[in-house]
Amino acid sequence: MAEQLQMNKRQNQALVAAKATQRNQYLTFTLGGETFAMEIRFIREVIQFGGLTIVPLMPDFIRGVINLRGAVVPVIDLSVRFHRPPTEPTKRTCIVILEVGQEDNLATLGVLVDNVSEVLEIQGEDIEPAPSFGSSLRSDFIQGVGKVGGKFVIILEVNQVVSVEELASLAANRGAAEAIEA
Amino acid sequence: MDLDQAKQTFIIEAHELLDAMEESLLAPESSEAVNAMFRAVHTIKGSAGLFGLDPIVRFAHTVESVMDRVRAGSLAFDPDLVNLILACHDHLAQQISELQEGDDAGSPETIAEGDALLARLLPYLETVPRPAAPPTTLVTHESHPHEEEDDQPCWHISIRFGPDILRQGMDPLSFLRYLQTLGSITHLTPLLDRLPAGPDFDPERCYLGLEIDLDTKVERQVIEDVFEFVREDSQIRIIPPRSKVEEYIQLIRELPEGDHYLGEILVKGKCLTPKDLEEALGTQRQEAFEDGTVQGRMLGTIVIQDQAVPPAVVAAALDKQKKAKEKTGHEVKVVKVQAEKLDRLVDLVGELVIAGATANTLAAQGTDSRVLEATAILGKLVEEIRDNALSLRMVQIGETFSRFRRIVRDVGQELGKPIELEIRGAETELDKSIVEKLSDPLMHVVRNSIDHGIESQEVRRARGKPATGSLSLNAFHESGSIVIEVADDGGGLNKQRILAKAVERGLVQDPSSLTDQDITNLIFEPGFSTADAVSNLSGRGVGMDVVKRNIDELRGTIEVETYEGAGTTLRFRLPLTLAIIDGFRVGVEDTFYVIPLDMVIECLDLGPFLESEQNHLINLRGEVLPFLRLREVFETRGAVPARERVVVVQFGELRAGIVVDRLMGEFQTVIKPLGELFRSVKGLGGSTILGSGEVALILDVPQLIQLAVTRKHALQPRLSTVS
């Protein structure tokens, strides 16, 4: 636990330092054994998984809500969002707090990831455009593919992956579908 | 001085004054109303002058002149004039709005509109305003007496403006301008010797004094009225023409400036001859030396002694002054605070409540009784602070209601339907944030009532109703909610037509399955409108569903009560506040839920069931009580515990039981919205943070009952109404 906290602290410090420069900075994390990256500019902080309250009648990709220093913040299970099995919380499971949306309408939400790795700098020339096929992910979720130390990481298009508009309508559709079933 | 900020204050005040003016315009019978209108325009004019907003000043001045004639009784306040002044009011509001948007000069359309209105006002003015008043002769010490040829005796006005008049929005220049409309100013001497030097100078203070000679035929009262708004703070002496020398001398002595200085001014104004002055000053000084009381003689006594003014006038004036003083004594002291500051305070108090709950939880885990005691005291104080902070945001609904006077009148007139608006419960208070969001839905409903509800005069007569329609707005508190009713005595909702329309629009498949209430509620469906003709008021089918959504957002509900031929009542039921409530905490599995305490009647163990458990009915001391299992409605995983509890809730007239696993007790609940992501969530009204830091969900009881009803259709016919 303490080790985990220490790690989160280090990551958050790295985040703050990286945010100061912002350019080409990416946070990498693992999800179901695969490594992904997200642009630093969306990320507010990384916290340890815990204190989750389940909101009933919501689709599975909404894991619930947490108390982030007095604000109630929804938590999205990225794995479910990618049509994979739900994330099983472990000691290393983290919630990455993101700020998405337009300037005047920023939404804060968290995404559940298996493990946060590090903050990396990936130069533009090392980023390939999203492949049009061959990936298990929806292509609009992918901003590009970065080459890091001879390996490829998928850089996520954060505004698409956690588009509040899309998630909210998905949630609403679930309700509507149930009403018809009933 | 921050001019922008001052201007903002002016804009806010102007809007308030205009509101007051509108209110008076809609009930113009009393002289107090006329006075209020006059004052509003006058003050706006004065303040606008302070900012050099000439278009507003010019316009307001003409309106004020007309109002003044009404006030004086020389002009009847007939409906035509009321309409015209209303239009002028709107124009002023428009000017102020444009100013607010940073357009000082005003848009061309507004200017054109203003000119048109001024042209319409012209016939109401006694005389066409003088094109240009004769240039004021400013007499300075250097000017030569022989230049003043006319030897007409003049009124002498001596005024020392109060230091605060600029702050009150008065402009000394406007008084001079106004005096020029009464007559011509023959001499004017500004007295600047109160003006301090350098750092002591405060640009917001008025240091000006004026000695004015006015050639006019008007009565004393008229001149006095000019200074009505500065009378309290300023020293004003008005001396009629051909007054006795002593009176001028008295003036000289009462004023702080040097005797000879003032004497010279009076001599220049031909009120006194140099000889008079010299003799008088000499003798008066002697007299004063012999009899110290002279100084104490009041202006009033002198005026009467000298018979310049009949005693009755003086008595009346004194009486008026006294009344004005009494009035200010009773006035409620009000501090204006920016709404955001209040919101911030309430937010902070919310955090305080949560932090307090955390401290409480921790203290309860320990064994130190002193800590427990301290947190208990703290908790009490926090609760008091909470109530006080919330009450700061409570406003009376009356202001919102009275805005409808104008709308009802205008819309009624447009449609040729005279309508009487009755307002009740105007003093009922509710949270400002709710009031703001309430005015649009109310507007829709009121317009709908006038447009579709209340019949035309002919139809009303044919139905044996009074030709004048009646609309009432009513507000009252009821079991922790505020209820707002909009009732009309119109034709009521035509159920056949609603049903026909709904079928036509494909909103209903099986009309026979609907109850009367279901049919009535169809009007809240999106895209529903029964109006035969689309008017510019309503009838485009965008009204009621928007109203419903707005009310839903406020965690409120709408009820419709309608009697064909007799009228319709729409009843909004809203929570008192959107910020902090008293809640009752319950648990299902690992999740905590909060039920608004106002709705909780009692708690008991589940059972005994009526007939069988599947009916979802229990026998509550002989009464039938429908219930719903929270874990079923919310599809919670896990096993049903051996012992379940029921929380009996009441909403409006509906009573039901909510079955939970655990009862946890009362809890101060700071409402946090769940956010955009959860906009479709049913049965939840928001979230809150517990002392432990966990998030609990607030139940939306009416929605929850609705949800249970739609899920378990079998339950519906048995959902009894318990009165």
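The values are calculated or read from the model by the stated rules, or taken from the named source; none is laboratory data. No experiment lies behind these values; they were computed from the predicted model shown. Glycine also receives a Cβ, built like all others from the backbone with ideal geometry; neighbour counts cover every protein chain displayed.
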Item to complete: Please work out which one of (1) more than 14 Å from every other protein chain (Cβ to nearest Cβ); (2) assigned to a strand (DSSP E or B); (3) touching a helix residue (DSSP H, G or I) at 6+ places or on another chain (Cβ under 8 Å) is the condition A:PHE133 fails and give its number.
Response: (2)
Discussion item. With the requirement that a residue be closer than 30 Å to B:THR9 by Cα and away from chain A (no Cβ under 14 Å), what does the stretch B:335-380 give you?
Written reply: B:VAL335, B:LYS336, B:VAL337, B:GLN338, B:ALA339, B:GLU340, B:LYS341, B:LEU342, B:ASP343, B:LEU345
Item to complete: Would you mind stating whether B:SER612 is surrounded by fewer than 17 Cβ atoms within 10 Å (Cβ to Cβ), of a type in the set (Gly, Ala, Ser), out of contact with any strand residue (DSSP E or B) (no Cβ under 6 Å at 6 or more places or on another chain) and within 9 Å of another protein chain (Cβ to nearest Cβ)?
Response: no
Practice prompt. Being of a type in the set (Val, Ile, Thr) and either crowded, with 23+ Cβ neighbours inside 10 Å or modelled with pLDDT of 90 or more (or both) is the filter here, so list the residues in the stretch B:642-674 that pass it.
Written response: B:VAL646, B:VAL647, B:VAL648, B:VAL649, B:ILE658, B:VAL659, B:VAL660, B:THR669, B:VAL670
Discussion item. Here's a check for you: in the stretch A:55-75, which residue that is free of Cβ contacts under 8 Å to residues at least 40 places away in the same chain and in contact with a helix residue (DSSP H, G or I) (Cβ under 6 Å, 6 or more places away or on another chain) is surrounded by the most Cβ atoms within 10 Å (Cβ to Cβ)?
Written reply: A:PRO74
Worksheet item: So is B:LEU677 of a type in the set (A, V, I, L, M, F, W, C), within 9 Å of chain A (Cβ to nearest Cβ), surrounded by fewer than 23 Cβ atoms within 10 Å (Cβ to Cβ) and touching a helix residue (DSSP H, G or I) at 6+ places or on another chain (Cβ under 7 Å) or not?
Response: no
Worksheet item: Given the residues B:LEU415, B:LEU390, B:LEU342, B:LEU378, which is the only one that is surrounded by 14 or more Cβ atoms within 10 Å (Cβ to Cβ) and at pLDDT 90 or above?
Response: B:LEU378
Fill in: The one condition in (1) facing chain A (nearest Cβ under 9 Å); (2) over 28 Å from A:VAL161 (Cα atoms) that B:GLY683 fails to fulfil
(2)
Practice prompt. Return yes when A:ILE127 is at pLDDT below 90, surrounded by fewer than 16 Cβ atoms within 10 Å (Cβ to Cβ) and hydrophobic (A, V, I, L, M, F, W, C) and no when it is not.
Written response: no
Worksheet item: What's the number of the condition B:ILE498 fails, among (1) outside any loop (DSSP other than H, G, I, E, B); (2) modelled with pLDDT under 80?
Response: (2)
Worksheet item: Which one of these does B:TYR593 not meet: (1) closer than 19 Å to B:ALA708 by Cβ; (2) of a type in the set (Phe, Trp, Tyr); (3) away from chain A (no Cβ under 14 Å)?
Response: (3)
Worksheet item: Name the residues in the stretch A:60-82 that are assigned to a loop (DSSP other than H, G, I, E, B) and more than 10 Å from chain B (Cβ to nearest Cβ), would you?
Response: A:ASP60, A:PHE61, A:PHE82
Response to the item:
Per the list (1) within 14 Å of chain B (Cβ to nearest Cβ); (2) more than 21 Å from B:ILE689 (Cα to Cα); (3) surrounded by fewer than 20 Cβ atoms within 10 Å (Cβ to Cβ), residue check on A:GLY51 breaks on (2)
Worksheet, complete the sentence: Checking B:ASP103, B:ASP78, B:ASP90 in turn, the sole residue that is surrounded by 12 or more Cβ atoms within 10 Å (Cβ to Cβ), modelled with pLDDT of 70 or more and under 27 Å from B:LEU25 (Cα atoms) turns out to be B:ASP90
Worksheet item: Does any residue in the stretch B:6-28 that is closer than 16 Å to B:VAL337 by Cα come within less than 8 Å, Cβ to Cβ, of a residue that is surrounded by fewer than 16 Cβ atoms within 10 Å (Cβ to Cβ) six or more places away or on a different chain, and which pairs are these?
Response: B:ILE11/B:GLN100; B:ILE12/B:LYS336
Fill in: Residue tally, condition under 24 Å from B:LYS465 (Cα atoms), in contact with a helix residue (DSSP H, G or I) (Cβ under 8 Å, 6 or more places away or on another chain) and surrounded by fewer than 22 Cβ atoms within 10 Å (Cβ to Cβ), over the stretch B:563-578
1
Worksheet item: Is it true that B:SER692 is within 12 Å of chain A (Cβ to nearest Cβ), surrounded by fewer than 21 Cβ atoms within 10 Å (Cβ to Cβ) and within 27 Å of B:LEU574 (Cβ to Cβ)?
Response: no
